[in-house]
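Here is the structure we will look at, set down as structure tokens.
The values are calculated or read from the model by the stated rules, or taken from the named source; none is laboratory data. All of these numbers come straight from a predicted model, not from anything done at the bench. A quick note on method: Cβ atoms are made from the backbone with ideal geometry, for glycine too, and the neighbour counts reach across all protein chains shown.
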Amino acid sequence: MAEPGKRNDGLWLHCDFLLLWGGQTISQMGSQVTLWGLPLVAVLLLNATPFQMGILALMGRLPLLLIGLVAGVWVDQWPRRRILMTADIGRALLIGSIPIAAWLHVLSFSLLCLVAFFVGILTVFFDVTYQSFLPSMVEPNQLISANSKLESGTALASIVGPGLAGILVQLVSGPFAMLADAISFVISAASLIGIHVQEVLPDTQRESRKLLVEINKGIRFVWEQPILRALTISAALFNLFDNVGSAEYVLYLTRTLGIGAVFVGSVGVLGGVGWLLGAMITEPLTKRLGLGTTLIGSILFACIAKAFVAIAGGPFLLALGLVMLGEFLFQCVATVYIVNSVSLRQAFLPSEIRGRVTAVIRVVSWGVGSFGALLGGILAEWSNLRLTMVIAVAGTLVALIWIVLSPVRSVSSL
């Protein structure tokens, strides 16, 4: 372990780490352009309906549910740096197809869905590999510092990226704005080429039957641990209804509230600032209130933040102010919740089962929640966008009630 007071861990002089950090920070900025730009293309250029927006959101989230449990097993069988590079290059080509299609006047909603789906597949592989690749690059006592520095790059991207997306969409239109993301993936792949790490791959020749047995062990472990089970179900419920609203979020902002692309980008920027603040206050807040209370309070204020967005209306500046307040507060408390729930989960997990259990929790909490995107599209078509946002807020309260009634409330510390 590194000395507690030691600040200079040498990572800023670590060439391989700097290449990874720089490439990923740039890639995350580009991905923020697509995160906000893709729905703007669907809404402003293709006049997508609420139901279509739900389908588009589902296409990006569905791969985790389909291949999340087995991606980790497959990743262990191949050189990880090569997987990362292949995923980056593949995503660059897929995202690059959107401005090319627009230039050829063949851009369609179906193409957006296909791109979102296949980018989602490559992202599942990239994310699983990325978490496994870092320990082969730095020393064990540098892992906390390395992850913190990588997260700081993501935070920077979450602040710069949305504003950049709004400006680019306004200046060059949505499809061509997404060239920034394609270029960022190329830069990320180029940075990985320069990394020289000797990987030691385990012997993972297994039968498919063995794979299913190992997956089942992870599922049983989560179910038999009351706190893990409560956290996982609560997260799945919250994400299910949160996705009901988030799938229609851009459509709601632009059509119901009349917020333009630049202001939509500014909403994302303020959310990034909230993300940074949440990261800064998590530790002192948790020490003061206790782990269980902080987790419950985070979900409560997340529901309040979503309510601000759902009730936004009236004069333009008032509506924009409520949305910005809601986005800022939500990203802040969501960060507090995620950091604490992940830390509590890690405290429960033996190292020999950590990968399988983490995969199960990700698939249940994020994969199952993805169906909320489809539900959001159906609700918006059946009723209207504002009622859809209100239903999403009401649904997230179920997650709050679930965790309040669980053993999590009595947890004071790790």
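When you check THR123 against the structure, is it touching a residue at least 40 places away in the same chain (Cβ under 8 Å), polar (S, T, N, Q) and assigned to a helix (DSSP H, G or I), yes or no? In short, yes. Would you confirm, using the coordinates I've provided, whether ALA305 is assigned to a helix (DSSP H, G or I) and touching a residue at least 40 places away in the same chain (Cβ under 8 Å)? Considered against the rule, which asks whether it is assigned to a helix (DSSP H, G or I) and touching a residue at least 40 places away in the same chain (Cβ under 8 Å), ALA305 comes out as no. Being in a helix (DSSP H, G or I), touching a helix residue (DSSP H, G or I) at 6+ places or on another chain (Cβ under 7 Å) and closer than 22 Å to PHE316 by Cα is true of LEU270. Going by what's in this entry, would THR282 be described as in contact with a Gly (Cβ under 8 Å, 6 or more places away or on another chain) and either crowded, with 24+ Cβ neighbours inside 10 Å or at pLDDT below 90 (or both)? No. On the stretch given as segment 364-387, residues that are without any contact (Cβ under 8 Å) to a residue 12 or more places away in the chain and within 13 Å of PHE238 (Cβ to Cβ) total 0.
Tell me yes or no: at least one residue of segment 14-28 is under 18 Å from the mean Cα position of the chain (by Cα) and of a type in the set (Ser, Thr, Tyr). Within segment 14-28, one or more residues are under 18 Å from the mean Cα position of the chain (by Cα) and of a type in the set (Ser, Thr, Tyr).
If you go through segment 170-187 and keep only what is over 21 Å from the mean Cα position of the chain (by Cα), aromatic (Phe, Trp, Tyr) and crowded, with 22+ Cβ neighbours inside 10 Å, you end up with nothing.
Exactly one residue out of VAL213, VAL200, VAL250 is at pLDDT below 85, assigned to a helix (DSSP H, G or I) and exposed (fewer than 13 other Cβ atoms within 10 Å of the Cβ), and it is VAL213.
From the list ARG80, ARG61, ARG91, the one residue that fits, being at pLDDT 85 or above, basic (Lys, Arg) and not assigned by TED's automatic domain parsing to the domain that holds ALA261, is ARG91. If you filter segment 29-78 down to residues that are farther than 30 Å from ILE219 by Cα and polar (S, T, N, Q), you find that the one that is farthest from the chain's Cα centre (by Cα) is ASN47.
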